[in-house]
Amino acid sequence: MDFAGNAVAAFTVAPGAISGGNKPGDGIAKLEDPTTKYPKPPFKYQPQPWPGLQGQMDPKPDCGETSYKGSGRLMGRKALITGGDSGMGRAAAIVYAREGADVAINYFPTEEPDAKEVIALIKAEGRKAVAIPDDLRDEAFCRQLVQKAVAELGGLDIIVNNAGRQQSAASISDVTTEEFDATMKTNIYAPFWI
């Protein structure tokens with residue numbers, strides 16, 4: 001079939017799904033409006049000292065713990081994810097494990113409670129889970145991180161440089177040289193070293 005035929009075939013299926021006219025028992029799952037499904041701002045003010053823990057947030061972010069269903073697309077792969085304890089890194093670790101990959105996560109040592117949850121989620125998928133806590137601002141550690149991931153996983157196919165740092169400040173003049181240096185080392189140097 002040519003391109004035009006594919007477009008017509010796709011169009012003929014879409015109107016029923018768009019109309020929302022699904023009837024019970026017609027074999028089509030009821031669609032949910034994503035704009036009303038999840039919590040919305042404003043959220044209560046919840047400051048935490050750096051680096052902060054996802055487990056202490058209210059509402060707790062949805063990283064796919066119960067919603068994401070895998071399909072084996074990464075079966076046999078081995079992945080290293082920095083910042084794998086929370087946020088996008090946590091979501092990536094969950095997805096990769098549910099897609100069949102063994103996963104090593106790196107995180108700052110004080111984020112251990114969040115990391116333990118992720119390690120348990122990876123293992124629950126029957127995948128190998130490796131926790132490698134330490135500070136990405138250290139060049140020697142970044143090199144050791146990759147070596148340890150390779151040794152523990154038996155190779156490495158995927159690297160997700162997700163870890164990032166940026167502290168909010170009312171003015172750029174409030175950012176110290178030490179804070180700026182920590183941000184550059186985490187966000188720029190660490191991915192280069194890795």
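The values are calculated or read from the model by the stated rules, or taken from the named source; none is laboratory data. On a predicted model such as this, the values are computed, not experimentally measured, just so you know. Cβ sites come from the backbone with ideal geometry, for glycine too, and all protein chains shown count toward neighbours.
Structure notes:
- Applying a threshold of 9 Å to beta carbon distances and a minimum spacing of six or more residues, or different chains, the list of pairs starting in region 18-38 at a residue that is at pLDDT below 55 and ending at one that is outside any loop (DSSP other than H, G, I, E, B) reads Asn22/Gly16.
- Hey, Ala79 buried (at least 24 other Cβ atoms within 10 Å of the Cβ), within 16 Å of Leu145 (Cα to Cα) and in contact (Cβ under 8 Å) with a residue 12 or more places away in the chain or not: yes
- Residue match in region 43-50 (condition: out of contact with any strand residue (DSSP E or B) (no Cβ under 6 Å at 6 or more places or on another chain), buried (at least 18 other Cβ atoms within 10 Å of the Cβ) and either at pLDDT below 85 or closer than 19 Å to Ala163 by Cα (or both)): no
- When Val146 is tested against the conditions (1) in contact with a helix residue (DSSP H, G or I) (Cβ under 6 Å, 6 or more places away or on another chain); (2) touching a residue at least 60 places away in the same chain (Cβ under 8 Å); (3) assigned to a helix (DSSP H, G or I); (4) not acidic (Asp, Glu), the lone failure is (1).
- Leu31 being surrounded by 10 or more Cβ atoms within 10 Å (Cβ to Cβ) and over 28 Å from Gln166 (Cβ atoms): yes
- Of residues in region 82-91 being crowded, with 24+ Cβ neighbours inside 10 Å and touching a residue at least 60 places away in the same chain (Cβ under 8 Å), the one farthest from Ala149 (Cα to Cα): Gly89
- Sub-8 Å Cβ pairs linking a first residue in region 164-188 that is on the phi < 0 side of the Ramachandran plot to a second residue that is hydrophobic (A, V, I, L, M, F, W, C) and surrounded by 12 or more Cβ atoms within 10 Å (Cβ to Cβ), at least 6 apart or interchain, are Arg165/Ala182; Gln167/Val175; Ala169/Val175; Lys185/Leu136; Thr186/Leu136; Thr186/Ala163, ordered by first then second residue.
- Residue check, Glu99 surrounded by fewer than 22 Cβ atoms within 10 Å (Cβ to Cβ), modelled with pLDDT of 95 or more and over 19 Å from Arg77 (Cα atoms): no
- Selection within region 85-130 - among the hydroxyl-bearing types (Ser, Thr, Tyr) and assigned to a strand (DSSP E or B): Tyr107
- Residue in region 116-136 that is closer than 28 Å to Leu74 by Cα, in contact (Cβ under 8 Å) with a residue 60 or more places away in the chain, touching a Leu at 6+ places or on another chain (Cβ under 7 Å) and surrounded by 13 or more Cβ atoms within 10 Å (Cβ to Cβ) present: no
- Count of region 172-186 residues which are within 16 Å of Asp135 (Cα to Cα) and loosely packed, with under 10 Cβ neighbours inside 10 Å: 1
- Enumeration of residues in region 62-82 that are closer than 11 Å to Ala97 by Cβ, under 11 Å from the mean Cα position of the chain (by Cα) and not in a loop (DSSP other than H, G, I, E, B): Ile81
- Within region 153-171, if we keep just the residues that are of a type in the set (A, V, I, L, M, F, W, C) and outside any helix (DSSP H, G or I), the residue that is surrounded by the most Cβ atoms within 10 Å (Cβ to Cβ) turns out to be Ala163.
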